[in-house]
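Quick notes on the structure that follows.
No lab work stands behind these numbers, since they all come straight from the coordinates. Bear in mind that the values here come from a model prediction, so they are computed numbers and not experimental data. Backbone-built Cβ (ideal geometry, glycine too); neighbour counts: all protein chains shown.
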Amino acid sequence: MLSYRHAFHAGNHADVFKHASLSLALASFKQKDKPFIYIDTHAGGGIYDLAGEWARKTKEANSGIQRLWHQPSQWPELTDYFQVLNRLNSAQAGQQFYPGSPEIARQLLRPQDQLLLMELHPQEIDVLRTHLAKDPRVHLHHRDGLEGLTALTPPTPRRGLVLIDPAYERHEEYAQVVQAVKKAYTRWPTGTYLIWYPLLAKARDQSRRLLHDLKEKTSFASVLIAELSIEAQHPDLGMHGSGLAIINPPWQLDQSLIKLLPRLSQALQLGNQGHWRVDWLISTT
Ligand SMILES: C[S@@+](CC[C@H](N)C(=O)[O-])C[C@H]1O[C@@H](n2cnc3c(N)ncnc32)[C@H](O)[C@@H]1O
């Protein structure tokens with residue numbers, strides 16, 4: 001059963017971390033003229049209304065993008081990300097619309113690049129169609145993103161990056177992600193894969209198990225880990241942060257994240273409990 005709807009969480013601290021990191025990875029890919037493909041296995045609706053009923057119910061953007069939005073000049077390394085935010089909101093005064101990962105990629109990709117977006121939720125895929133289907137570079141699939149990842153790789157063009165961003169509503173999803181990426185990697189070992197994961201309360205957290213499996217149950221050549229949390233881990237409930245496991249990261253993405261995350265952690269933390277890390281889980285050197 002699919003009950004997760006991203007509109008309740010759009011623009012929260014995890015989105016800011018994920019989308020800022022994604023914009024840096026896309027910038028690295030654009031350093032060469034050669035076309036590339038962006039694959040989003042769990043695309044969501046593409047654009048979210050922060051004034052909508054669902055976003056107003058949780059107000060999660062208040063401890064996320066709303067903490068950065070008023071001071072774009074202080075984030076020169078995030079010019080691309082802010083450019084997307086500004087374009088999306090250029091028609092009206094204020095900061096109402098927040099871009100999901102497909103819209104961020106759509107705006108940042110060039111005419112020669114392609115987007116392959118997968119979404120399983122029947123209503124969410126309709127929202128995504130409304131927002132992005134007109135762009136001829138966009139290929140939309142209403143299907144299981146993990147099944148699609150293995151079925152559709154290696155892609156054309158061969159150069160590209162994948163964002164794997166499940167809602168992790170079921171415990172089994174962690175193991176399924178590892179299996180799907182492992183299969184995709186055997187068919188497409190040169191792809192870059194960004195696997196997002198939540199950092200949850202002690203009783204529910206699966207992140208260490210996920211990292212263990214990514215290291216011990218695969219043969220990936222290199223995996224970079226980046227994590228950002230905004231408060232201390234709770235005992236029972238809540239998401240205090242999130243992480244990205246990046247297989248075959250673009251050159252120097254580790255250095256860009258090492259510069260960005262201390263400042264992002266400072267800007268987003270609640271109290272004095274922010275934390276960040278950038279480490280190699282598997283290193284080529
Ligand atoms: C965390 S949201 C994605 C957010 C989006 N990547 C972004 O950053 O804007 C997860 C999405 O995955 C969708 N979903 C859940 N199970 C799926 C599956 N097996 N295959 C594809 N999409 C799925 C949900 O409907 C939801 O829209």
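Observations
- Dipole-positive endmost among Pro154, Leu210, Ala180 within the chain (Cβ charges, Cα centre): Pro154
- Ascending count of other beta-carbon atoms within 10 Å, so fewest first, for Ile39, Ile65: Ile65, Ile39
- Annotation: lysines with alpha-carbon distance below 16 angstrom to Lys182 (same-chain offsets under eight excluded): Lys215, Lys217.
- Amide H contacts under 5 Å for Gly238, placed H, 5+ residues apart: Ala201
- Distant-in-sequence amide H partners of Ser222 (H built 1.01 Å from N, under 5 Å): Asn248
- Centroid-to-centroid separation of the stretch 185-252 and the stretch 42-89 [C-alpha atoms, Å]: 23 Å
- Relative contact order [Cα under 8 Å, 6+ residues apart], the chain, whole percent: 20 percent
- The stretch 127-222: trypsin sites (Lys or Arg not before Pro) falling in loop per DSSP and having at most 16 other Cβ within 10 Å: Lys134, Arg143, Arg158, Arg159, Arg170, Lys202, Arg204, Lys217
- Values of log10 I(q)/I(0) for the stretch 49-155 across q = 0.13, 0.15 Å⁻¹ run -0.60, -0.79, by the Debye formula with one identical scatterer at each alpha carbon and no solvent.
- Other-chain or far-sequence residues with amide H under 5 Å of Ile47's (modelled H): Gly100
- Applying the Karplus relation 6.51 cos²θ - 1.76 cosθ + 1.60 with θ = phi - 60° to the stretch 142-155 yields 3J(HN,Hα) values of 8, 7, 5, x, 6, 5, x, 4, 6, 6, 9, 10, x, x Hz, where x marks Gly and Pro.
- When shorter helices are ignored and each DSSP H run of at least 4 residues is given -39500 (n - 2.57), the per-residue value for the chain at 222 nm works out to -11000 deg cm²/dmol.
- A straight Cα-to-Cα reach below 13 Å connects Lys183 with the aspartates and glutamates Glu147, residues fewer than 8 places away in its own chain not being considered.
- Each of Tyr4, Tyr193, Tyr174 was scored by other Cβ atoms within 10 Å of its Cβ. Arranged with the fewest first, they read Tyr4, Tyr174, Tyr193.
- 3J(HN,Hα) along the stretch 30-44, derived from phi through the Karplus expression 6.51 cos²θ - 1.76 cosθ + 1.60 where θ = phi - 60°, amounts to 7, 5, 10, 5, 3, x, 9, 10, 10, 10, 10, 7, 10, 6, x Hz, with x in place of Gly and Pro.
- The base-10 log of I(q)/I(0) for the stretch 144-240, evaluated at q = 0.13, 0.14, 0.23 Å⁻¹, reads -0.48, -0.56, -1.26 [Debye formula, identical scatterers on Cα atoms, solvent excluded].
- Kirkwood-type hydrodynamic radius, the stretch 12-282: 18.8 Å, calculated from all non-identical alpha-carbon pairs.
- Under 27 Å from Lys59, Cα to Cα: lysines that are on another chain or at least 8 residues apart: Lys18, Lys202
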